[in-house]
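The structure appears right after this line, and notes come after that.
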Amino acid sequence: MRARRTAVLAGLAACAIALTACSSDSDDGGDGGSTAGSGGGDTITIGIKYDQPGLGFKDGDKYSGFDVDVATYVAKDLGYDADQIEWKEAPSAQRETLLSTGQVDMIFATYSITDERKKTVSFAGPYFVAGQDLLVAEDDSDITGPESLNGKNLCSVSGSTSAQRIKDELASKVNLLEQPGYAECVTALSSGQVDAVTTDDIILAGLAAQPGNQGKVKVVGNPFSTERYGVGIPKDSDQCEAINTSLKKMFDDGSWDTFIKDNTEGTGYTPNADENPPALDDCA
């Protein structure tokens, strides 16, 4: 995308509309095009989660979820059709590295905007606001929120804001098990290794709604943070304004509501209406 980005920007004055009109005519798919940083410019490489049902999920060669839908929408506005997107797994602990080393062009992976992360990468958005919550066993009536976690064993994912918040605020009260992905945390909960899994409420809702988990786990439903999901981009990226323009259009044309409904239906999850759709930050 690096080389193609330069060409797109150079040609903006000649385009009747924004980047969509300058999209490539190439029909190369995810396996045949050039990757980020390779100089080809026929594809865009986007980082997503592979283990978050309803958000970013890989099943065979199929990718689904709210983040996937939003990323596909934005990529289209930037001039890339769906078959020009190369999806790449972006585990929480690796997101900054993937962006700073040019392995991906952007990341849509429940990526909370924080001042600490802004030291390394930049963000467009936010495009969704979630809240940290807890997933517990269906028959657990003891854990009702962070105030009832004393002496409990928790699981969260390495590199996530959820894990860091537990370290910062509850380190003396709980035992934290960090895992590379959410599937491992749910397994630890199911086996009794931990008492609760903690991450964002929309992530937990998707996990709880999985056929293998239904009737076994539940979301407590007492969010205790504000997580503003942004589009991660390299620190020197010039794409923030174009991405924000696309996100604003997505909010206004009803696509955002459709994506949320399609990907949370049946989970019982309802986004915080006071926070969503969110106001976009100014690009730095």
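The values are calculated or read from the model by the stated rules, or taken from the named source; none is laboratory data. Small disclaimer: the values here were computed from a predicted structure and weren't measured. Note: ideal-geometry Cβ built from the backbone for every residue, glycine included; neighbour counts use all protein chains shown.
Given the criteria of a type outside the set (Val, Ile, Thr) and at pLDDT below 95, does Ala183 qualify?
Yes: the conditions hold for Ala183.
Those residues that are under 20 Å from Gln179 (Cβ atoms) and in contact with a Cys (Cβ under 6 Å, 6 or more places away or on another chain), I need them from region 77-120; list them, please.
Passing the criteria: none in range.
Please specify each residue of region 94-133 satisfying the condition of being in contact with a Leu (Cβ under 9 Å, 6 or more places away or on another chain) and either without any contact (Cβ under 8 Å) to a residue 40 or more places away in the chain or surrounded by fewer than 20 Cβ atoms within 10 Å (Cβ to Cβ) (or both).
Residue satisfying the conditions is Thr120 alone.
What is the residue count in region 266-275 for residues that are out of contact with any helix residue (DSSP H, G or I) (no Cβ under 8 Å at 6 or more places or on another chain) and either in the same structural domain as Thr245 (by TED's automatic domain parsing) or in contact (Cβ under 8 Å) with a residue 12 or more places away in the chain (or both)?
Total satisfying the criteria: 3.
Whether any residue in region 242-263 is crowded, with 22+ Cβ neighbours inside 10 Å, modelled with pLDDT of 95 or more and of a type in the set (S, T, N, Q) is what I want to check.
yes
Say we look at region 152-174 and pick out the residues that are free of Cβ contacts under 8 Å to residues at least 24 places away in the same chain and not in a helix (DSSP H, G or I); which of these is farthest from Thr226 (Cα to Cα)?
Per the criteria, the residue is Ser172.
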